[in-house]
Amino acid sequence: MSNTTISPADVSRRLQTDDSAPLFVLDVRNEAEYGEWQIEKSTNLPIYDELLEYDYSTLESHVDELPEETEIAVMCVAGITSARAAEFLRTHGFDAKSVADGMNGWGRVHRQYEVDDVDGVVQIVRPGTGCVSYLVHDDGEAVVVDPSQYIDEYLSAADERGLEIVGIADTHAHADHVSGARRLAGELDVPYYLHEADTGALDSVTELVDGESIAIGERDLDVIYTPGHTPGSVSFEFGDALLSGDTLFLRSVGRPDLEDSAEDAVRTAASQLFDSLERVTKLDDERVVLPGHFSDESIRPLATDLGDLRAETTNQLLSYVEAGDEEAFVETIVDSLADEPANYNEIKQINWGNEQPGSDVEELELGPNNCAAN
């Protein structure tokens, strides 16, 4: 990076750990775009359209509100208008840098977290997309679960820990991000695991079967078939951990309308999801729920004991499951579905093997995550 730019990875690191050198993130995108999708701890000054016209009047009128002793990272869509704003601020004495590639670059950031309450699980979070994947390991071996298309992140995570990756698994055919599972499995010549109901046109898949296991070192990754979000959705048990994929989130559940949005189909899938949730919520209270997505939850790693999740009131849909009220569960889902994830059908076609990813494959995933039922 030049002395006029800062990388999204450095922004991520500074926001997480660098209390000795705090960072002020100034997002200059329009208010609507910022409201949909933003970096945590950022401040919005909606001057994007003005900056396109080299109009700095609004920015100038707000300079007294900006920190003089703190480095400023300016964010926009792709790093162009933010570069203009950062240059203007530097001429006014601020230590300002443009975030390289803007929110496009932020979508590529990955963060690693050791899950302290369970042994052998590394959680890998993409803060810019809400996607969560896992490196599950024992005795020098590892399986990657729900990898993003940025497969070097998983190769590096395994290498840092001296692990050999022996398999790759997707909990389902994703609609919000392009899976890196097939490419990573092919590069390493290891099995790619997926339930047969979600394989589409894919070949060379090792099918996941309810009740069977994937061996990892001296331990097993156990398969629980949990359809509803998709016909082939599964969850995994690994010791005290429940990798719940897009079946159970901390504040919601996976939406059941991305395969077929017709109301009858959604009701059928929602009923399947209810049954799946009944099954996983019968596990013991100490089981640690590790979901496949998040929205605005701030805890890291993203993990909650199942007993605590049952006791909280933030997951209304889960409370219907606890009460055995399938009708209320289904009706709430049908009545409250939000907009589909951006480009979800094209992403699905790629993950089913019906289409090959094009040059815009990175851009397909950008934007807020809408895989949860509201």
Within the range 305-342, which residues have the backbone N less than 17 Å from the label spot 7 Å out from residue 222 along Cα→beta-carbon, could you tell me? 306-307
So the FRET efficiency between residue 63 and residue 286, C-beta based with R0 = 56 Å and rounded to 0.05, is 0.60
10 Å binning of all Cα-Cα separations within the range 12-80, expressed as whole percents from 0 upward: 19, 51, 27, 3
Between residue 360 and residue 278, what length in nm is gained on full extension when 0.36 nm per residue of separation is reduced by their alpha carbon distance? 25.6 nm
Fully extended contour minus Cα-Cα distance, from residue 260 to residue 160, at 0.36 nm per residue: 31.9 nm
Based only on Cα atoms, what Rg/Rh ratio does the range 177-237 have, Rh being taken as Kirkwood's radius? 0.96
Rounded to two decimals, what is the ratio between the C-alpha radius of gyration of the range 234-280 and 2.2 N^0.38 Å? 1.24
Share, in percent, of DSSP beta bridges within the chain that are antiparallel, nearest 5: 55 percent
Can you give me the relative contact order of the chain as a percent, contacts being Cα pairs under 8 Å and 6 or more apart? 13 percent
Of 279, 255, ordered by accessible area with the largest first and a 1.4 Å probe, the sequence is 279, 255
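Quick one: compute a quarter of the convex hull surface over the Cα atoms of the range 284-374 and quote it in nm².
Values: hull surface 31.8 nm².
Projected over every direction and averaged, the Cα hull of the range 284-374 covers 7.9 nm².
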Length gained, residue 119-residue 331, 0.36 nm per residue minus C-alpha separation, equals 72.5 nm
Might you tell me the accessible area per residue for the range 305-372, computed with a 1.4 Å probe and given in Å²? 50 Å²
When the accessible area of the range 27-166 is computed with all protein chains present and a 1.4 Å probe, what percentage of it is carbon and sulfur? 42 percent
Straight-distance crosslink candidates among lysines, where the alpha carbon sits under 29 Å from residue 41 and sequence neighbours closer than 8 are dropped: 97
Per 20 Å bin, what percent of the C-alpha pairs of the chain does each bin hold, from zero upward? 29, 54, 18, 0
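When only DSSP loop residues count, what chymotrypsin sites (Phe, Trp or Tyr not before Pro) in the range 33-110 have their Cβ near at most 11 other Cβ atoms within 10 Å?
Passing sites in the range 33-110 are 54.
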On the formula 1/(1 + (r/R0)^6), with r taken between the Cβ atoms of residue 55 and residue 300 and R0 of 30 Å, the FRET efficiency rounded to 0.05 is 0.15
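The values are calculated or read from the model by the stated rules, or taken from the named source; none is laboratory data. If you're wondering where the values come from, they're calculated on a predicted model, not measured in any experiment. A quick note on method: Cβ atoms are made from the backbone with ideal geometry, for glycine too, and the neighbour counts reach across all protein chains shown. Protein only, heavy atoms only, side chains kept; ligands, DNA and RNA dropped before computing areas. Shrake-Rupley method; radii C 1.70, N 1.55, O 1.52, S 1.80 Å.
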